Structure formats: C-alpha cells, structure tokens
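Written out below as structure tokens is the structure these notes cover.
The values are calculated or read from the model by the stated rules, or taken from the named source; none is laboratory data. Please read these numbers as outputs of a predicted model, since none were measured by experiment. Glycine gets a Cβ as well: all are built from the backbone with ideal geometry, and neighbour counts include every protein chain shown. For the accessible areas, the whole protein counts, side chains as well, though only heavy atoms, and no ligand, DNA or RNA atoms are used. Shrake-Rupley method; radii C 1.70, N 1.55, O 1.52, S 1.80 Å.
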Amino acid sequence: MKLTEKEIEIVELLEKNARLPMDTIAKMVSLSISEVEQIIKKLEEAKVIVQYATIVDWRKVDGHEGVTAMIDVKVTPKRGVGFDEVAERIYRFPEVKSVYLMSGAYDLSVVIEGRSMSEIAHFVSEKLSTLDSVISTTTHFILKKYKHDGTVFEQGDQDRRIVVAP
C-alpha cells in the first residue's frame, strides 16, 4: 500500500506515542481532526496500523518481574510452505511473544515470557523441542532491559545493577 506524506507522518507520530490526542496530531500534520480520524481509520482497516501497545517496566511491580528468553531455533523447512508452517505452530503457544525468520546460523528467533527460568526450560523441552521440524534450540535469558522498542528504561536504579566479577 502506497502512503501519502501526511499518512506516513501520522503513522510515525502514533508509533512514537499512540496516546497523542487527535487535535494534537491534526495540528502537527496541518490537517483537520476529521481528516486525521479518517486516515487513521483507513490505516487500521488496511492493517497498516496493526495494534496499539503499551511498554511496561515490570521490574517496578512487585511480584511481576517474570523471565524473558530469546531462543535460537534451527528447523527443517517443509516443502511448499518453507518456514511458515513451523513458525505458525510456534507462535500459537501463549508463552510466545514474538517469532522472527532470521538469516545466519539459526532459522527462527523466538521470544517467550514466563514466571521463572524453570517454566521457560519446561516450555523449551516439552513444547518447542518436540516439534517435528525443530532440529535444535539455544536459549538466552534476558538479564536486564536497557531499551525496548525505542524506549529507554530508567538507569538510575542502583540496587538493580548487574555486576560481573572479573
């Protein structure tokens, strides 16, 4: 879908802050509020704007820290469907937050969230590794988020510092 300059401006503004009021967006792109509303509705219907999301720093909520892992997955693609079929089987698990087709040493990058490392280990050993097309997995646990989807997390928290011994 080819977008106009104004449509691209609106998408970029919403990508940075989906809570911008319509009148503010209208002023920023020099359009009327109704024109902005029509453009946004059109972009939502065309699935250019897929979803509005909130980024939460769960470290600040007691008892909700959780664990995030990135898993490198090597798979055997299936004739006629390539990687799509196995990717779909993986992204249907509720623990899975993202699945990406990658170039390089592995085929898929899978991001999952769980309450503990053992919960993630159970997912990898009982659900992911047992899929027919999966050849191997390598799990990387995220220790600390510094920046996520363009948003920098606070760095002033001295008690949450990760120190690596020499």
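Tally up the residues in region 16-39 that are free of Cβ contacts under 8 Å to residues at least 40 places away in the same chain, assigned to a helix (DSSP H, G or I) and either surrounded by fewer than 12 Cβ atoms within 10 Å (Cβ to Cβ) or acidic (D, E) (or both), please.
Selection size over region 16-39: 4.
Take the residues in region 40-60 that are assigned to a helix (DSSP H, G or I) and either of a type outside the set (K, R) or open to solvent by 70 Å² or more (accessible area, probe 1.4 Å) (or both); name whichever of them is farthest from L3 (Cα to Cα). Spell out how you get there, then give the answer.
First pass over region 40-60, keeping only residues assigned to a helix (DSSP H, G or I): 40-45, 58-60.
Cutting the leftovers down to either of a type outside the set (K, R) or open to solvent by 70 Å² or more (accessible area, probe 1.4 Å) (or both) gives us 40-45, 58, 60.
Details: I40: 12, K41: 14, K42: 11, L43: 9, E44: 13, E45: 14, W58: 36, K60: 39 Å.
In this case the residue turns out to be K60.
Which of (1) in a loop (DSSP other than H, G, I, E, B); (2) in contact with a Ser or Thr (Cβ under 6 Å, 6 or more places away or on another chain); (3) of a type outside the set (D, E) does L3 not meet, given it meets every other one?
Only one criterion is unmet by L3, namely (2).
Kindly indicate whether any position in region 103-116 is surrounded by 12 or more Cβ atoms within 10 Å (Cβ to Cβ), at pLDDT below 95 and either β-branched (V, I, T) or over 19 Å from the mean Cα position of the chain (by Cα) (or both).
No, there is no match, as no residue in region 103-116 is surrounded by 12 or more Cβ atoms within 10 Å (Cβ to Cβ), at pLDDT below 95 and either β-branched (V, I, T) or over 19 Å from the mean Cα position of the chain (by Cα) (or both).
Return the pair list, or none, for Cβ contacts closer than 8 Å from residues in region 84-102 that are within 14 Å of T137 (Cβ to Cβ) and part of a helix (DSSP H, G or I) to residues that are modelled with pLDDT of 95 or more and hydroxyl-bearing (S, T, Y), at least 6 apart or on different chains.
none
Hey, any hits in region 75-83 for a residue that's in contact with a helix residue (DSSP H, G or I) (Cβ under 6 Å, 6 or more places away or on another chain) and either of a type outside the set (V, I, T) or part of a loop (DSSP other than H, G, I, E, B) (or both)? Steps first, please.
So in region 75-83, the residues in contact with a helix residue (DSSP H, G or I) (Cβ under 6 Å, 6 or more places away or on another chain) come out as 75, 78.
The next check asks that each one be either of a type outside the set (V, I, T) or part of a loop (DSSP other than H, G, I, E, B) (or both); those that pass are 78.
Within region 75-83 (the criterion being in contact with a helix residue (DSSP H, G or I) (Cβ under 6 Å, 6 or more places away or on another chain) and either of a type outside the set (V, I, T) or part of a loop (DSSP other than H, G, I, E, B) (or both)), the answer is yes, since at least one residue qualifies.
Is it the case that M70 is in contact (Cβ under 8 Å) with a residue 12 or more places away in the chain, outside the structural domain of I135 (by TED's automatic domain parsing) and open to solvent by 70 Å² or more (accessible area, probe 1.4 Å)?
Details: in contact (Cβ under 8 Å) with a residue 12 or more places away in the chain: yes; outside the structural domain of I135 (by TED's automatic domain parsing): no; open to solvent by 70 Å² or more (accessible area, probe 1.4 Å): yes.
Criteria not met by M70.
For E126, all conditions in the list (1) farther than 30 Å from E15 by Cβ; (2) open to solvent by 80 Å² or more (accessible area, probe 1.4 Å); (3) touching an Asp or Glu at 6+ places or on another chain (Cβ under 8 Å); (4) of a type outside the set (G, A, S) hold save one; what is the number of the exception?
So E126 meets the others, but not (3).
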